[in-house]
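The values are calculated or read from the model by the stated rules, or taken from the named source; none is laboratory data. Given the structure is predicted, the values throughout are model-derived calculations rather than measurements. Cβ placement follows ideal geometry from the backbone for every residue including glycine, while neighbour counts extend to all protein chains displayed. Areas reflect the complete protein model, heavy atoms only, side chains present, ligands, DNA and RNA absent. Shrake-Rupley method; radii C 1.70, N 1.55, O 1.52, S 1.80 Å.
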Amino acid sequence: MYRIASIGGDGIGPEIVAEGKKVLEAAGEKYNFDIQWTDFDIGADRYIHSGKLITEEEFDELSKFKAIYFGAIGDERVKPGILEKGILLALRFRFDMYVNLRPIRLLHGVETPLAGKTPHDIDFVVVRENTEDFYVGIGSRFKKHEKKELNVIRDIYSVKFGLDVESDAEEIAYQIGVITREGARRVQTYAFDLAMQRKKKLTSVDKANVLSDVYGLWRDVFTETAKSYPDVTTEFNFVDAVTMWFVKNPEWFDVVVTPNMFGDIITDLGAMIQGGLGLAPGGNINPEGTSMFEPIHGSAPKYKDLGIANPIATIWAGSLLLDHIGEHKAAAAVVSAIEQSIRDGVVTKDLGGSARTTKAGSYIADCVRKGQ
Ligand code: IPM
Ligand code: MN
């Protein structure tokens, strides 16, 4: 018996999580475990009506779970950043989910925009650092007359660029990226361990040629960590180059480890090469604490309640959840069932089918039960 928390969230979130639950329950029937869900009403609606994002009581409650199943957040009625930072990033940071695991795998029967590439060529995992870098939230924005902070920035500018900020700049904004030795080491170690279970190749992404302080540290830690993994072949890629190679030679990659912000960007690219955002799952993992599994796409408010959203990314995220709690056979069965539904053409419109969201989900659940 597993106790799992669920947060449907906004837009299409609740609909796709409902399908994911169906499939995980079917996996439980087939592989002999039960899931007891605890639903949390967190999202835009509640925020608009009560001003609450996540309360301390909810953080306390959620901390008792090993896994949270998460839909999506984001709503046109709320200014961008409030829900993202106040809910999604708050959960990632509060529970120190330092690994964002994003498989980039082309399933059989799915079309990729990359000409001539097959499922054999597109099968790697991005391990995105999830708690540091430009996501730490240190920054500010102010105008010329707002002296207090200007003093700090004026010093930085004059030392670094010899500029007189007060007369040269009308308004200034800055944001600071932070990498710590410990933060880099733990996520890179996770990536090396993962590479050991796969094809033993690990690519590190950075921009150490320009942002040489933060990513210089990231690189140093990588070089040191690599010494404990002599069997893993390693390489460094600059982030601009890695986007090119993802498109040209995706077959080169096995495990890719990346700082937070570059990871955000390159996994949207990854999602497209694996057939679209409707197919891309992610896991926010704290190996010792509470982890959270979600599709990497957003809440797609314009598709809300139309019954056309593709539930596959969320169902696949459910498979990552099962893997995380140790139900490896069930996890693999869920991915096979997704592939079966694609082979049988029982898929939503974005994948060329005509199935409604609930039909696509139920079909995958049935495939899991039948063990096809
Ligand atoms: C993602 C999303 C989030 C991120 C946003 C919604 C805060 O784009 O999960 O990739 O930037 O991490
Ligand atoms: Mn993103």
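The set of residues in region 60-86 being within 14 Å of ligand 2 (Cβ to nearest atom) and not hydrophobic (A, V, I, L, M, F, W, C) consists of Gly74, Pro80, Gly81, Glu84, Lys85. For region 352-370, the set of residues classified as open to solvent by less than 60 Å² (accessible area, probe 1.4 Å), out of contact with any Gly (no Cβ under 8 Å at 6 or more places or on another chain), part of a helix (DSSP H, G or I) and not hydroxyl-bearing (Ser, Thr, Tyr) consists of Ile364, Ala365, Cys367, Val368, listed by residue number.
Scanning region 89-110 for residues that are assigned to a strand (DSSP E or B), over 23 Å from Asp350 (Cβ atoms) and within 11 Å of ligand 1 (Cβ to nearest atom) yields one hit, Asn100. Of all the numbered requirements in (1) more than 16 Å from ligand 1 (Cβ to nearest atom); (2) farther than 22 Å from Lys329 by Cα; (3) open to solvent by 80 Å² or more (accessible area, probe 1.4 Å), Ile48 misses one, and that requirement is (3). Taking the numbered list (1) under 28 Å from Glu76 (Cβ atoms); (2) within 16 Å of ligand 2 (Cβ to nearest atom); (3) open to solvent by 10 Å² or more (accessible area, probe 1.4 Å) in turn, Thr243 passes all entries but (1). Applying the criterion of at least 3 residues that are within 14 Å of Phe293 (Cα to Cα) and touching a helix residue (DSSP H, G or I) at 6+ places or on another chain (Cβ under 8 Å) to the strands (runs of 3 or more DSSP E) found wholly in region 1-88 leaves 2-9, 67-72. Residues that are within 11 Å of ligand 2 (Cβ to nearest atom) and touching a strand residue (DSSP E or B) at 6+ places or on another chain (Cβ under 6 Å) were ranked within region 264-293; the one that is farthest from Phe65 (Cα to Cα) is Gly270. Restricting the search to region 284-305, which residues are farther than 20 Å from Asp39 by Cβ and not aliphatic (A, V, I, L, M)? Within region 284-305, Asn286, Pro287, Glu288, Gly289, His297, Gly298, Pro301, Lys302, Tyr303 meet the criteria. Is it the case that Ser140 is of a type in the set (S, T, N, Q) and at pLDDT below 75? In short, no. Restricting region 250-271 to residues that are among the acidic types (Asp, Glu) and within 12 Å of ligand 1 (Cβ to nearest atom) leaves a set whose member that is nearest to Pro119 (Cα to Cα) is Asp268. As a summary of the residue check, Ala300 satisfies the conditions (1) more than 16 Å from ligand 1 (Cβ to nearest atom); (2) out of contact with any helix residue (DSSP H, G or I) (no Cβ under 7 Å at 6 or more places or on another chain) except for the one numbered (1).
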